[in-house]
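Before any comments, here is the structure.
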Amino acid sequence: MIAALSREGRFMLRDRAAVVWLALAFALSVAAIAFGIAEVREQRGTIAALVEEDAADRANAIAGQSDWGGVAYNAFHLTYAPPSDFAFAALGQRDASPWLHRVRMLALEGQIHEADTRNADFGLIGRFDFAFLTATVAPLLLILLLYDLRSAERVAGRHDLLLATAGAERAVWLPRSAVRFGALMLALLVPFWVGAALEGASAFVVARASAVVLVMLGVWWLITDRLGRRNTAPATILTTLIGVWLALALLLPALAKAAIDARYPVPEGGEILLLQRESVNSAWDIPKQATMEPFLARHPEWAEYATIERPFEWKWYYAFQQVGDQAAEPLARQYRAARLARDAAAGKAALVSPASLLERYFQHLAGTDAGAMIAYEDAVRAYHARLRAFYYPLLFRDEPYDPALLEDLPRFTPAAD
Amino acid sequence: MSTAIRIAHEEWRLWLRSRMVVAAALIVAVLIAATGALTMERLTTQAKQRAAQQEAAEAAFFAQPDRHPHRMVHYGHYAFRLPPPLSVFDPGVDMVTGQSIFLEGHRQNTAMFADAKASANMGGFAALNPAALYQLLLPLLLIIIGHGVVLRERESGTLGVLLAQGQSALALAGGKALALLGVVALFMLPLALMAAYGVAAGEAAGPAIALVAGYGLYLMVWAALVLAVSTLVRSRSAALGVLTACWLAMVLVVPRLGINAASALVDAPGKIESDLVMLSQERKLGDGHNASDPAFEQLKQDLLDQYGVESVEELPINFRGVVASYSEEKLTGLLNEFAERRMQSEARQSEVFGRFALASPTLAVGAASRALAGTDLATHHRFLRETESVRFGFVQALNEMHATKLSYIDDARRSVDPEAEARTRVNAQAWAVLDRFRFAPDPPAERFARAFGPLTLLAGWLAALAALVVYAARRLAP
């Protein structure tokens, strides 16, 4: 067996086309990994710099204040989702969903949908990351490496002779295609492993990712082998394989996406903001009681302190901010649930496309899938709730202003990946 | 010439007899028809919806009750980006950027709720739309149909016979080119229909024609590449391999590497990042809500001197309104400076990424297509600029009211004195200061100017490949 493999290895190195495809795979893998690492490092650098600037800005904002309401109005708090140590391989939704916010005590619905997105062209065309390379480009390279193993021998007139001398059919084709498959896997995975070591990704995650690449490309190997057996011209085999690739890697995912988006409509996002804004702004024109009632329904503990006597009081101001969020809450919930439903449906639909399955699995490992982005939003909501829990006692009990107490302001800590 | 037509005719006859070619063409035809119809339906609905939302937003603003004008500054307004008629073919960045923006005092918000954020994630590709099919799929179909145009003759031995009969190799290549051009012409029909629909929906004829011409050029580039490879390479499967690799590189790899490179080479800080830098500068400008902020001392002194009075209470105008207007103007200058910087670095990124079009005609045609359809990044930036001027317009008009219609004493006491509060409410008829906003695509000339570079590049590709075809044909031997 070893002799057969090394013989096939020598054959492969003499096939110029095969060497070109393998070199291309290696170069693309290096490029994908290098750009991926550069991007996550830049994102980490941005976050580190912002954490410092944010603290300085908040200290500056608090310095001039003389009451709790003013502090809560002026102090912004940075929230963020740092890229995981595996994100370099699959940047996923980080180009489409925000991973940075600065929130304050005002109605959260007006702040959390803020899109700190990058250049729109990025989201339109997409990045060349390792997940895209292995899911979409690598199968095509594998097809180019393997489609004419048999038919080329047929064209050369050696096919039957080869089989006769080798005895069993498998003894010829298996080592030949295994060598090529193995070489492609190495060309793709070696840069990936080096990158993972540089980024300090967990070995278990890297092993799972490598296994998925192996299995998914194994599926493509099987498909290529099946269709490559047919006794037709190599060009016909290649055309068929390209058609299969196109269907599995491009058309089915796109059709599934369109069908899922149609099947699970997402509420018009703008409506969330409109509701929140109408509620918040109408508060100035309606009796204070009309604001305090729905607020106290959520927070009965402040009922004793909730009489508003003057036209403007901070506790009333923050109460109507919260009531604005309450008004938009059903719609915001629907928006979140619809996104999760779409993602769950996409997870099922991905079973028909090895390319989608691989990319989604990578994004899942990297914490860059829709679920992770929604989890980040949940973390921002939880943090905002902690801010309210911090300020409400101070505002409602009308505690004397004491900047020293601000030492205990809740701090945002990102979820560990 | 008649030889060329005869050769092309023969080629077509063979194609029509090939089940694979006919099946592939039918599948693509169905795809184009289906995505075309779906995209058209989706964008036409969205255009109507957003126009209705824009009117509703204005109606809501006008219908607000009597209020303190500053409340209306915070009540704010919504602006919607209406999709241009040709977006039914190429929706461009429409999916990726938010389509509506909330306009209020003291802030520039981002456009929120992009479709892409909430859409089902199937990995790799953006949603299919007609433009994507033209950019990605039709070249592949051309490859599958055309890679054997010359090789077929070579492999069946007819090439030698043809050349031996004194048929000139150039005429042969001309005939094959004509056959491929016929395919390209057929491919252009659905696009021509969609462009006509765009014109019927109010688009100028110029950009619509240029769009069709641009894609014609693009597909001709691919036809020339297919013909050149088919003439130069010795076997059908090798030609198909080379062409597939070209497709892979130009359509899938180079554009995305361009994005990576643009992102790595040009640092474009996100909005939150640049806002933080800005905020620290903003604090130096003073808080416009607080007229006793020391930053406004100079302003106060100037006004007192101008009216020859001793205190702000004696001024014939409301000092608080003056401060609001003054600080909004200062702040807007700062906001615009940072927004402009951000947009410029994005434009620089797109420029870097545009340079990759030298290696990928797909990038070139995509850029030209979005520019002509009015769905490119530059159009989105213009939307942001125009909405900003709407924002500044109504906010300053309201601040003007604040300064001239309200008494300073009432205004200062409104937080504690309900009667003073009631006197600071302005009659709701004043809300008519809001400008009507209808976003429209750039005039055709500007869109041509943006599409000119990429289209020239495509023409360059075509000229180079045509030269290659001639060179290959001259060396053609059985």
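Scan region A:116-140 for residues that are more than 24 Å from B:ALA131 (Cα to Cα), within 8 Å of chain B (Cβ to nearest Cβ) and assigned to a helix (DSSP H, G or I) and the total you get is 1. Listed here are the helices (runs of 4 or more DSSP H) enclosed by region B:118-168 that have at least 3 residues being modelled with pLDDT of 90 or more and closer than 15 Å to B:VAL226 by Cα: B:138-146. Exactly one residue out of B:ALA264, B:ALA249 is within 14 Å of chain A (Cβ to nearest Cβ), open to solvent by 10 Å² or more (accessible area, probe 1.4 Å) and in contact with an Asp or Glu (Cβ under 8 Å, 6 or more places away or on another chain), and it is B:ALA264.
Applying a threshold of 6 Å to beta carbon distances and a minimum spacing of six or more residues, or different chains, the list of pairs starting in region A:363-392 at a residue that is within 19 Å of A:ARG339 (Cβ to Cβ) and ending at one that is open to solvent by 50 Å² or more (accessible area, probe 1.4 Å) reads A:GLY367/A:ASP417; A:ALA379/A:ALA415.
Listed here are the residues, each with its yes/no results for (1) part of a helix (DSSP H, G or I); (2) under 13 Å from the mean Cα position of the chain (by Cα); (3) among the small types (Gly, Ala, Ser).
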| position | (1), (2), (3) |
| --- | --- |
| A:ALA338 | yes, no, yes |
| A:ALA345 | yes, no, yes |
| A:LEU357 | yes, no, no |
| A:PHE362 | yes, yes, no |
| A:LEU365 | yes, yes, no |
| A:LEU395 | yes, no, no |
| A:PRO400 | no, no, no |
| A:LEU405 | yes, no, no |
| A:PRO410 | no, no, no |
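Show me the helices (runs of 4 or more DSSP H) entirely contained within region B:181-278 in which 3 or more residues are in contact with a Phe, Trp or Tyr (Cβ under 7 Å, 6 or more places away or on another chain).
Working: elements: B:205-232, B:236-247, B:254-265.
The qualifying helices (runs of 4 or more DSSP H) are B:205-232, B:254-265.
A:GLY243 falls short on exactly one of the conditions (1) surrounded by 14 or more Cβ atoms within 10 Å (Cβ to Cβ); (2) in the same structural domain as A:ARG360 (by TED's automatic domain parsing); (3) not hydrophobic (A, V, I, L, M, F, W, C), and that condition is (2).
What helices (runs of 4 or more DSSP H) lie completely within region B:365-454 and have 3 or more residues being farther than 26 Å from B:VAL312 by Cα and either at pLDDT 90 or above or open to solvent by 20 Å² or more (accessible area, probe 1.4 Å) (or both)? Steps first, please.
On the way: elements: B:377-405, B:408-413, B:418-423.
It comes to B:377-405.
With respect to the stated conditions, A:GLU301 fails to be facing chain B (nearest Cβ under 9 Å) and surrounded by fewer than 18 Cβ atoms within 10 Å (Cβ to Cβ).
Restricting to region A:105-150, name every residue that is of a type in the set (Lys, Arg) and in contact (Cβ under 8 Å) with a residue 40 or more places away in the chain.
Here is the first cut: in region A:105-150, the residues of a type in the set (Lys, Arg) are A:118, A:127, A:150.
The answer is A:ARG127, A:ARG150.
A count restricted to region A:259-282 and to residues that are among the aliphatic types (A, V, I, L, M), under 30 Å from A:LEU133 (Cβ atoms) and at the interface with another protein chain (Cβ under 8 Å from one of its Cβ atoms) stands at 1. The residue that is surrounded by the fewest Cβ atoms within 10 Å (Cβ to Cβ), counting only those in region A:354-365 that are facing another protein chain (nearest Cβ under 7 Å) and of a type outside the set (Asp, Glu), is A:ARG360.
Looking at this structure, is B:ALA120 at the interface with chain A (Cβ under 10 Å from one of its Cβ atoms) and open to solvent by 20 Å² or more (accessible area, probe 1.4 Å)? Give the derivation first.
Numbers: at the interface with chain A (Cβ under 10 Å from one of its Cβ atoms): yes; open to solvent by 20 Å² or more (accessible area, probe 1.4 Å): no.
Judged against the criteria, B:ALA120 is not a match.
Once region A:68-102 is narrowed to residues that are closer than 28 Å to A:GLU199 by Cα and of a type in the set (Phe, Trp, Tyr), the residue that is farthest from the other protein chains (Cβ to nearest Cβ) is A:PHE86. Exactly one residue out of A:GLU271, A:GLU309 is of a type in the set (Asp, Glu), in the same structural domain as A:ALA72 (by TED's automatic domain parsing) and crowded, with 16+ Cβ neighbours inside 10 Å, and it is A:GLU271. Looking at (1) more than 10 Å from chain B (Cβ to nearest Cβ); (2) farther than 30 Å from B:ASP376 by Cα; (3) modelled with pLDDT of 90 or more, which is the one condition that is false for A:GLN65? Status for A:GLN65: all satisfied but (3). Against the criterion of being buried (at least 17 other Cβ atoms within 10 Å of the Cβ) and facing another protein chain (nearest Cβ under 8 Å), B:ALA24 qualifies. Residue check: A:ARG336 meets all listed conditions (1) buried (at least 20 other Cβ atoms within 10 Å of the Cβ); (2) within 11 Å of chain B (Cβ to nearest Cβ); (3) under 30 Å from A:ALA75 (Cβ atoms) but one, namely (1).
A search for C-beta distances below 7 Å between a residue of region A:247-258 that is more than 7 Å from chain B (Cβ to nearest Cβ) and any residue that is buried (at least 21 other Cβ atoms within 10 Å of the Cβ), counting only pairs 6+ apart in sequence or on different chains, returns A:LEU248/A:SER353; A:LEU248/A:PRO354; A:LEU248/A:ALA355; A:ALA249/A:THR136; A:ALA249/A:PRO139; A:ALA249/A:SER353; A:ALA249/A:ALA355; A:LEU252/A:SER353. Assessment of region B:440-449 against the conditions (in contact (Cβ under 8 Å) with a residue 12 or more places away in the chain and within 14 Å of another protein chain (Cβ to nearest Cβ)) yields no matching residue.
The values are calculated or read from the model by the stated rules, or taken from the named source; none is laboratory data. Small disclaimer: the values here were computed from a predicted structure and weren't measured. Note that each Cβ is placed from the backbone with ideal geometry, even for glycine, and that neighbours are counted across all protein chains shown. Surface areas here come from the heavy atoms of the whole protein model, side chains and all, with no ligands, DNA or RNA. Shrake-Rupley method; radii C 1.70, N 1.55, O 1.52, S 1.80 Å.
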